[in-house]
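This report concerns only the one structure given below.
The values are calculated or read from the model by the stated rules, or taken from the named source; none is laboratory data. All of these numbers come straight from a predicted model, not from anything done at the bench. Backbone-built Cβ (ideal geometry, glycine too); neighbour counts: all protein chains shown.
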Amino acid sequence: MSLALLLGLAVGCAAAEDSARTAVDQGPADTGVPTDGAAADQGAEADRDLAAVADLADQEGVRDGGDDGDGALDGGDGGDGGPPLTPEQAALAGLPLSGAWPIPGLRRPVQVVRTEAGIPHLYAADIGDLGRAVGFVLARDRYFLLDLQRRLGLGTLSELLGDAALSFDLESRGTGMTLVADRLVAATGGELGDYLAGFAAGINAFQQLATAGELPLPAEIELAGALLGVARPAELMKPFGLRDVAAIAAVVFYNSVFDGEDVARSLSAALLPELFGGAANAELRRVGFLGDVWHEQRTLFACPSTLGFGLSGRDGAA
């Protein structure tokens with residue numbers, strides 16, 4: 001079974017799940033505080049999901065989006081003693097509430113509004129809460145894909161899929177993905193650390209609700225349980241930590257900027273000083289090659305997207 005097939009299965013099942021959920025929600029889904037009128041107009045056709053909602057500051061637990069109990073903020077003091085809502089915020093807050101879930105660790109409510117095509121827009125009071133909400137929403141839509149990617153980055157796909165995935169684990173560990181993940185963890189702190197820790201916590205919050213039967217299990221997990229002979233498919237879902245999130249990033253790094261070609265390019269660059277060694281006019285040839293081939297970076301089109309990166313030709317352009 002190839003990794004491409006596994007990822008195709010994950011994306012296909014997730015897309016089917018998206019369609020079903022969009023039909024149930026009758027449109028958009030999750031956010032809270034718009035930044036402009038366009039966002040409010042776009043969200044006006046959507047249902048409003050209060051994506052997150054354990055307010056640990058006052059121990060209210062799951063909030064309904066306002067103090068009036070009907071899931072709509074009244075546009076006055078913001079419902080929590082804060083500043084008055086702007087017209088755009090009030091328009092978005094007035095959308096019908098389609099769901100609310102508790103996420104442990106949230107400091108303030110986070111709201112999510114899904115616009116056309118089920119695109120989620122998230123609004124949070126701080127970066128940590130935003131990370132939790134993003135993790136929760138993404139896990140609802142793409143848990144199995146997240147799980148496959150973190151396993152690929154940590155070299156543990158075979159733990160789930162057996163010897164069919166062993167070659168992928170060997171490649172991941174041999175190319176140093178786990179080393180990259182560990183270095184990312186060691187270098188992560190501050191706001192980014194809060195965000196990534198919140199992201200993992202949000203995934204775990206979804207996992208806990210799905211395991212408890214309060215949200216549907218991902219369709220891929222149900223299918224994997226049947227294929228692997230697991231009586232309780234929820235047991236296939238393992239908690240996420242910061243290292244798991246870093247492993248996902250390591251896979252993205254590998255696929256986007258490494259993928260083996262960087263090593264070959266580095267080896268070629270290391271040989272440049274000895275290029276044409278022993279040949280007639282070796283230095284002239286080497287200078288000509290560097291100027292006309294190696295350093296010649298011209299865009300295919302007249303309007304490049306890389307202005308400022310020195311990739312627009314040699315004629316003094318940016």
Over the stretch 153-186, the set of residues more than 16 Å from D244 (Cβ to Cβ) and acidic (D, E) is D163, E171
Scanning the stretch 237-266 for residues that are of a type in the set (G, A, S) and part of a loop (DSSP other than H, G, I, E, B) gives G241, G260
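Condition check ((1) over 16 Å from A249 (Cα atoms); (2) surrounded by 18 or more Cβ atoms within 10 Å (Cβ to Cβ); (3) of a type in the set (V, I, T)) across all residues:
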site: L145; (1), (2), (3): no, yes, no
site: R183; (1), (2), (3): no, no, no
site: G189; (1), (2), (3): no, no, no
site: F206; (1), (2), (3): yes, yes, no
Condition test on V112, is it in contact (Cβ under 8 Å) with a residue 40 or more places away in the chain, assigned to a helix (DSSP H, G or I), surrounded by 15 or more Cβ atoms within 10 Å (Cβ to Cβ) and of a type in the set (V, I, T)? no
From the option list A234, A269, single residue qualifying as of a type in the set (A, V, I, L, M, F, W, C), part of a helix (DSSP H, G or I) and surrounded by 15 or more Cβ atoms within 10 Å (Cβ to Cβ) is A234
I'm trying to understand the selection: among the residues of the stretch 253-296, which are within 30 Å of L148 (Cα to Cα), of a type in the set (A, V, I, L, M, F, W, C) and free of Cβ contacts under 8 Å to residues at least 24 places away in the same chain? V257, V263, A264
Take the conditions in a helix (DSSP H, G or I), closer than 21 Å to G128 by Cα and of a type in the set (D, E) and apply them to D182. Does it pass? no
I need a count of the residues in the stretch 113-123 that are closer than 24 Å to G193 by Cβ and at pLDDT below 90. 1
Filter the stretch 76-95 down to the residues that are assigned to a loop (DSSP other than H, G, I, E, B) and within 27 Å of G198 (Cα to Cα), then identify the one that is modelled with the lowest pLDDT. G78
P216: outside any helix (DSSP H, G or I) and exposed (fewer than 13 other Cβ atoms within 10 Å of the Cβ), yes or no? no
